[in-house]
Amino acid sequence: MNNDSYRAKRTLYIGEPLRKTLDRIVLDIGYHTGRPIEVAEFLRFLVEKHGAEARDRLKEIYGPDQG
């Protein structure tokens, strides 16, 4: 099994409130671009473009305990 087919079969649970928010976002994008977009495509874009920034910011927020 190659790496791409392995990744294609992985599942990530997203709770209903977040899923509804993501659905609204991608629906809005699709409306404005004239083509449908999948939630996975949106999340992939966020991770590729902003993942490192989010990682660093979360490290600051949830840094090691000071006590």
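Residue count for region 25-46 satisfying the condition of being open to solvent by less than 100 Å² (accessible area, probe 1.4 Å) and either over 19 Å from I14 (Cβ atoms) or touching a helix residue (DSSP H, G or I) at 6+ places or on another chain (Cβ under 9 Å) (or both): 11. Within region 1-26, residues that are under 13 Å from E38 (Cα atoms) sit with their Cβ atoms under 7 Å from residues that are modelled with pLDDT of 95 or more and of a type in the set (F, W, Y), at 6+ positions apart or across chains, in these pairs: L22/F42; I25/F42; V26/F42.
Residue by residue through region 48-67, note down the ones that are part of a helix (DSSP H, G or I) and open to solvent by 100 Å² or more (accessible area, probe 1.4 Å).
Looking only at region 48-67, we keep the residues that are part of a helix (DSSP H, G or I), and these are 48-61.
Listed by number, the residues that qualify are E48, K49, E53, R55, R57, K59, E60.
Residues in region 10-23 that are under 14 Å from the mean Cα position of the chain (by Cα) and assigned to a helix (DSSP H, G or I): L18, R19, K20, T21, L22, D23. Of all residues in region 29-47, those that are part of a helix (DSSP H, G or I) and over 16 Å from the mean Cα position of the chain (by Cα) total 4.
The values are calculated or read from the model by the stated rules, or taken from the named source; none is laboratory data. Bear in mind that the values here come from a model prediction, so they are computed numbers and not experimental data. We place every Cβ from the backbone using ideal geometry, glycine too, and count neighbours over all the protein chains shown. Each accessible area value is taken on the protein alone, full model and side chains, heavy atoms only, with ligands, DNA and RNA left out. Shrake-Rupley method; radii C 1.70, N 1.55, O 1.52, S 1.80 Å.
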